[in-house]
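The values are calculated or read from the model by the stated rules, or taken from the named source; none is laboratory data. Since we're looking at a predicted model, the values are computed, not measured. Every residue, glycine as well, gets a Cβ built from its backbone with ideal geometry; the counts of neighbours run over all protein chains shown. The protein model used for the area step is the full one, side chains on, heavy atoms only, and it has no ligands, DNA or RNA in it. Shrake-Rupley method; radii C 1.70, N 1.55, O 1.52, S 1.80 Å.
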Amino acid sequence: MALALWPLASRHFGNRATRLAGHGALIFLRSTPELMLAFVFLLLLGPSLLPAWLALALHNGALIAFLAARHADAITPGMPGLPASGRLAYELLPRVYPGILALLYYRAEVILRETAILGMLGIATLGFFIEEGFDYLMFDVAFFLLLITAMLNIAVDALSRRLRPREAPLDDPCAR
């Protein structure tokens, strides 16, 4: 979602009107809480995992896209004369992509925690099954699922720390 949305708000693509519309869409999506988006999608699409998936993808994708567009706006392209698709593929995306991945790993932890909250809406996420365990007084199942949620968060955090670059070289213009 972030890869598709960030060019909408970047100064390197489109005209002023399309950039303003892209900025407006990103601001709307990133400032609307996931619970509200999930509730609206739940009303529109019915009870399934799709409303939670759409809400989390749109909210977190817009957040990452907004930050990636700001990062891309600070980049001065070095190959003049490229069409927009070439500028995206060969200049900007290789420079912006590592930051997008770092933000994606960070937001993956947040998404795991948000799935527990989305279960309160009745969406079949991990939180739904935790709440169901408490409702039916199956505390062992609920505790086990809470433990699994914590272990997933720890695993994602460990993976993101392992994949994060240690230190950027001082002469790297993307590190500034």
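Rounded to the nearest 20 debye, what is the charge dipole size of segment 1-150 about its Cα centre when +1 sits on each Lys and Arg Cβ and -1 on each Asp and Glu Cβ?
960 debye
Using the per-residue mean of other Cβ atoms lying within 10 Å as a proxy for protection, in what order, highest first, do the peptides 106-116, 76-86 fall?
106-116, 76-86
When only alpha-carbon atoms count, how far does the chain stretch along each of its three principal axes, as whole angstroms with the largest first?
65, 40, 20
Calculate one ³J(HN,Hα) per residue across segment 81-97 by plugging θ = phi - 60° into the Karplus curve 6.51 cos²θ - 1.76 cosθ + 1.60, and present them in order as whole Hz with x for glycine and proline.
Computed from phi, the couplings for segment 81-97 are x, 6, x, 4, 5, x, 4, 5, 6, 9, 10, 7, 4, x, 7, 8, 4 Hz.
Pop out the carbon and sulfur fraction of the accessible area of the chain as a percent, whole number, probe 1.4 Å.
Roughly 70 percent of what the probe reaches on the chain is carbon or sulfur.
Picking from Leu56, Ser10, Met36, whose Cα lies most toward the positive end of the charge dipole for segment 1-147 (charges on Cβ: Lys, Arg +1; Asp, Glu -1)?
Of Leu56, Ser10, Met36, it is Ser10.
Please list 6-13, 126-133, 91-98 highest first by mean number of surrounding beta-carbon atoms within 10 Å per residue.
6-13, 126-133, 91-98
Taking only protein heavy atoms into account and a 1.4 Å probe, give the accessible area per residue of segment 1-159 in Å².
56 Å²
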